[in-house]
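Here's the structure, in structure tokens; my notes come after.
The values are calculated or read from the model by the stated rules, or taken from the named source; none is laboratory data. All values reported here derive from a predicted model rather than from experimental measurement. Because the Cβ atoms are built from the backbone with ideal geometry, glycine has one as well, and the counts that use them run over all protein chains shown. Accessible surface areas use protein heavy atoms only, side chains included; no ligands, DNA or RNA. Shrake-Rupley method; radii C 1.70, N 1.55, O 1.52, S 1.80 Å.
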Amino acid sequence: MDLQILFNSLPGAISQGLIWGIAGIGVYISYKILDIADMTCDGIFATGGATCIMLMLSGHSIAFSLIMSFIVGMLGGLVTALLQTLLGIPAILSGILTQLALYSINLKIMGGKANLPINSNNYNLLVSLRNVKSLNILNNTIFISLIITAIIIIIFYWFFGTEFGCTIRATGKNPDMCKAQGININTNKIIGLVLSNGTIAFSGALLSQYQGFADVQMGRGAIVIGLAAIVIGEALFKSIFKNFGLKLLGVSIGSIIYYLVLQLVIWRGLDPTMLKLFSAIIVAVFLSIPYIKNNIHQNLQIKHSHNKHNVDITKEEN
């Protein structure tokens, strides 16, 4: 019976993992490509959800609501980027300031309500918790989320493979060299953060449909989940996923694994109030793996060098 409960919960965990994996891809752009710890993520995720639900309740189509959520997310990223590039505010503080402002903006979007429900019986939602086990593949939430994820990965794979996209990637790797080559790194940061936050807001719009409501707090911890998806994907697939598109796929898979692990520990009786702590521990463990592996490798090299030196001395004495 217990195993059946776990088995029944897996489709929901996979679908949530796919939706949050899109946010993880957005975090990947800022964190791994631009090398910026952008804290806007938590606020803009809720902005995307609030915008989508509010527009649908106002009678707009799903497509229009999702596009507007993406655009609003881009605007939030633009604010953070301008705080950094025009005003010289450090990256992490710029994100925190935008995130703080977004809390009030999100409440305003939702008409002062902290929670904004949408009835799935009255609206034809693109993704919904009700359809995670649907036998109709065109309505199945997992299948639709897979298609959306694949489209996003293909678009970003193409874009970051263009000459301009490569300059954005170079900006995060070596900004000084980019400056020497005459590349405007501020413009690249702006474009990168705009795309990052637009993608995160889009993910929030999908999640609000999936769960049937937008919540002003729904983005809390989004940066941790995004980082978890990235570090899990890298830890498991770094040696085989060398291609940029495959790295983005690794983020999506990492997000799915993250939610499967969460579902497993909940099934084993973990107190739900401890989930945030458990999430932080997961991220800390996976972030520390490269450092620990590097230390072990260096220690082995030193030990090997020391043993070789002792052998050489012994040979000389003999």
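Tabulated values for the structure
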| read-out | value |
| --- | --- |
| Which listed residue, of 240, 266, is open to solvent by 50 Å² or more (accessible area, probe 1.4 Å) and farther than 23 Å from residue 6 by Cα | 240 |
| Residue tally, condition assigned to a helix (DSSP H, G or I), more than 12 Å from residue 225 (Cα to Cα) and of a type in the set (S, T, N, Q), over region 238-288 | 3 |
| Criterion (farther than 30 Å from residue 261 by Cα, part of a helix (DSSP H, G or I), β-branched (Val, Ile, Thr) and touching a helix residue (DSSP H, G or I) at 6+ places or on another chain (Cβ under 9 Å)) met by exactly one of 79, 27 | 79 |
| Scope region 37-53; condition open to solvent by less than 10 Å² (accessible area, probe 1.4 Å), aliphatic (A, V, I, L, M) and closer than 19 Å to residue 94 by Cβ; matching residues | 44, 46 |
| Hey, residue 84 under 19 Å from residue 195 (Cα atoms), open to solvent by 40 Å² or more (accessible area, probe 1.4 Å) and outside any loop (DSSP other than H, G, I, E, B) or not | no |
| Every residue from region 219-237 that is open to solvent by 20 Å² or more (accessible area, probe 1.4 Å) and either touching an Asp or Glu at 6+ places or on another chain (Cβ under 8 Å) or not in a helix (DSSP H, G or I) (or both) | 220, 223 |
| Among residues of region 92-119, those that are part of a helix (DSSP H, G or I) and either open to solvent by 30 Å² or more (accessible area, probe 1.4 Å) or farther than 17 Å from residue 34 by Cα (or both), counted | 16 |
| Residue list for region 132-158, filter: in a helix (DSSP H, G or I) and without any contact (Cβ under 8 Å) to a residue 12 or more places away in the chain | 143, 147, 150, 151, 155, 158 |
| When residues of region 174-205 are limited to those that are modelled with pLDDT under 90 and in contact with a Ser or Thr (Cβ under 8 Å, 6 or more places away or on another chain), the one least open to solvent (accessible area, probe 1.4 Å) | 178 |
| Conditions (1) surrounded by 13 or more Cβ atoms within 10 Å (Cβ to Cβ); (2) more than 21 Å from residue 34 (Cβ to Cβ); (3) modelled with pLDDT of 95 or more; number of the one not met by residue 140 | (3) |
| Some residue of region 41-53 being of a type in the set (Asp, Glu), in a helix (DSSP H, G or I), at negative phi and at pLDDT 90 or above | yes |
